[in-house]
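Input: a single structure, listed below in structure tokens.
The values are calculated or read from the model by the stated rules, or taken from the named source; none is laboratory data. Because the structure is a prediction, the values reported are computed rather than measured. Glycine gets a Cβ as well: all are built from the backbone with ideal geometry, and neighbour counts include every protein chain shown.
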Amino acid sequence: MVYRITIAIEFGLPEQGPAGLPPAGRYDRLLRLVESRTQAGRTFVLYDGGRRVYALTAEETEQLLHLLEHIVVKAPWEAVPHVRLDGPVCALRLQGPLSEVTFNWGAQMPKEWESVGAVADYVLGLAERCGVWRSR
């Protein structure tokens, strides 16, 4: 059972190691998308923890970048009226060389973070197609 899943999207950082993230605990899961730039353009590689599992296609990279460009967050957000503990705690971490932002939520994401959820869902869908993540 996974209690916490962290999705880390790393821009302009070296591919080695989980870029300063704390080591995963017994019930933690870390999915990483690491950007690399080539003469052909930007690409991302999906890692399950420290294991490289998949290089995104040009179309998948374009879709990911589109979703990232459209993140809009309203703060303060409305509190979730009923706390559910039937799912993992989730985090989406966006990190560049000199900046980072992390969103954390429980089983139910705040409605004002819909665009953040779209990015997380997209990455989880990629991981599911690669066979490294299974939704319920």
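So which of Tyr122, Tyr54 is outside any helix (DSSP H, G or I) and in contact (Cβ under 8 Å) with a residue 40 or more places away in the chain? Matching residue, one of Tyr122, Tyr54: Tyr54.
Listed by first and then second residue, the pairs linking a residue in the stretch 90-102 that is over 12 Å from Thr6 (Cβ atoms) to a residue that is assigned to a loop (DSSP other than H, G, I, E, B), with Cβ atoms under 8 Å apart and 6 or more places separating them unless they lie on different chains, are Gly96/Phe11; Gly96/Gly12; Gly96/Leu13; Pro97/Phe11; Pro97/Gly12; Pro97/Leu13. Of the numbered criteria (1) acidic (Asp, Glu); (2) over 19 Å from Ala127 (Cβ atoms); (3) at pLDDT 85 or above, the one Glu60 fails is (2). Here Arg37 fulfils each of the conditions (1) in a strand (DSSP E or B); (2) surrounded by 11 or more Cβ atoms within 10 Å (Cβ to Cβ) apart from (2).
Search the stretch 89-113 for residues being surrounded by 14 or more Cβ atoms within 10 Å (Cβ to Cβ) and part of a helix (DSSP H, G or I), and hand back the single one that is nearest to the chain's Cα centre (by Cα). Within the stretch 89-113, the match that is nearest to the chain's Cα centre (by Cα) is Trp113. The residues in the stretch 91-112 that are at pLDDT 85 or above, of a type outside the set (A, V, I, L, M) and in contact with a Leu (Cβ under 9 Å, 6 or more places away or on another chain) can be counted, and the count is 9.
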